[in-house]
Amino acid sequence: SRAISPDVANCGPVELPPNAITEPFCCPILPSPLKIKDFKDFAKPNAPLRVRKPIHLVDDEYMAKLEKGIAIMKSLPKNDPRNYIEQAKVHCVYCNGGYPQKPPFQNLKIDIHRSWLFYPFHRWYIYFFEKILGSLIGDPDFAVPFWSWDSIEGMQMPKHFANPNSSLFHNLRDPAHLPPYIVDLNYHVGADSTTQDQQVSYNLAFMYKQMVLANTKEVFMGGVYRFGDQAQPAIGSVEQAPHNTVHKWVGRADLPSQEDMGTFYTAARDPIFYPHHTNIDRLWGIWTSLDGGRQDYRDDQDWLDSEFYFYDENLDLVRVNIRDSLDTKKLGYVYEEFEIPWLNASP
Ligand code: C2O
């Protein structure tokens, strides 16, 4: 097989952009001796599914669970892999070249962005975050809601994230983009140009372009990336925008890489990362259902065999592959059916 699999035992410092605001160390603490479990925690056939809902329609009581879970994660000791910053570092290590490929390609550093690893990596990452959070608040049915910036009511920062007393609040964000300011799904840093009343219809037409018109796996999912290949072969449509652009829109326009959300090494330090990515994960599912069923890479063995490592809620280091990520019901969750206002927004 020519599937990508990180050499977890040889994690090293990450490559940071110029004027980075953190140290280059994102490697997780490894169990010693190194003990790895293969993922087996599939949902039981009749067990209740966790339901991820649109965040602006979730009530305060439910949001309080998310707030509590994040507060607990922030309070855990640094040497606990469930610690909030440790979780953010998992994203950093897979994004900024912390892991080499296995020999003889140890000089090639892995990056899960700008390639066909983008959707499945983030699916697994959010999966473990959700399970850890649910276990810490004693609610295994807890599901991370999604920030539906592709729906008309969802096109602004969800209000709980802008409340300075909430654990969801984060300092390193663009103060000009607090609610009710409408997000620009094709944002360019420092260019808030389109007037706000045009923004909604612009966004819907943009979603149509990135989702409906992106009708091949190469265009939507990103480029093929196998063992021995250079990182970042080609970026997918939605990964480029709205994914990257919403990251940049949330972060501070006056910092060198729009920290924290605007750059990979710090993005997951901002709690809004998680509902942003549940929406990205939801859009993968929607894309595959368009036109009566679109093909992603699931007939390619190398894609299916690609591997990642995460700590689970029991503090076990678990090896997962892409094959096991394809059916979200097997992972115990679904998305609530919700409006798709851009489906017919052909420009
Ligand atoms: Cu790994 Cu939203 O980025």
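Laboratory data are not the source of any read-out in this text; all were calculated from the coordinates shown. Small disclaimer: the values here were computed from a predicted structure and weren't measured. A quick note on method: Cβ atoms are made from the backbone with ideal geometry, for glycine too, and the neighbour counts reach across all protein chains shown.
For region 187-193, the Karplus equation 6.51 cos²θ - 1.76 cosθ + 1.60, evaluated at θ = phi - 60°, returns couplings of 5, 10, 3, x, 10, 8, 9 Hz by residue, with Gly and Pro reported as x. For PHE25 and LEU178, the FRET efficiency from 1/(1 + (r/R0)^6), where r spans their Cβ atoms and R0 equals 25 Å, is about 0.20.
Take every DSSP beta bridge whose two residues both sit in the chain; close to 50 percent of them are antiparallel.
Taking LYS248, LYS74, LYS109 in turn, the Gaussian network model of the chain (Cα-Cα springs below 10 Å) assigns the largest fluctuation to LYS74. The longest stretch of the chain left intact once loop-based GluC sites (Glu not before Pro) with at most 12 other Cβ atoms within 10 Å are removed from consideration, loops following DSSP, is 154-336. Shown for ASP300, ASP197: other C-beta atoms within 10 Å of each C-beta, ranked fewest to most, produce the order ASP197, ASP300. The relative contact order of the chain comes to 28 percent, based on Cα pairs under 8 Å that sit 6 or more residues apart.
Applying 1/(1 + (r/R0)^6) with r as the Cβ-Cβ distance of ASP139 and ASN107 and R0 = 51 angstrom yields a FRET efficiency of 0.70.
Of THR328, THR216, THR266, the residue with the greatest mean-square motion in the GNM of the chain, using alpha carbon springs below 10 Å, is THR216. Computing FRET efficiency as 1/(1 + (r/R0)^6) for THR195 and ARG298, where r is the C-beta to C-beta distance and R0 is 30 Å, gives about 0.10. Out of PRO271, VAL318, ASN186, whose Cα points farthest toward the positive end of the dipole of region 8-335 (charges: +1 Lys, Arg; -1 Asp, Glu; placed on Cβ)? So the residue we want is VAL318.
Screening the chain for whole DSSP H helices with an alpha carbon extent of at least 20 angstrom along the helix axis and a mean Kyte-Doolittle hydropathy of at least -1.0 yields 60-75, 118-136, 273-289.
Between LYS37 and LEU317, VAL318, ARG319, the built amide H atoms are under 5 Å apart, and every one of these is 5 or more places off in sequence or on another chain. When the C-alpha to C-alpha distance is required to be over 29 Å, the pairs from LYS65/LYS217; LYS217/LYS329; LYS65/LYS329; LYS65/LYS102 that qualify are LYS65/LYS217; LYS65/LYS102. For LYS248, a cut-off of 22 angstrom between C-alpha atoms picks up these lysines, skipping any fewer than 8 places away in its own chain: LYS89, LYS159, LYS209.
By its C-alpha gyration tensor, with a ≥ b ≥ c as the square roots of the eigenvalues, how is region 265-324 shaped: rounded for a/c under 1.5, else prolate for a/b larger than b/c, else oblate?
oblate
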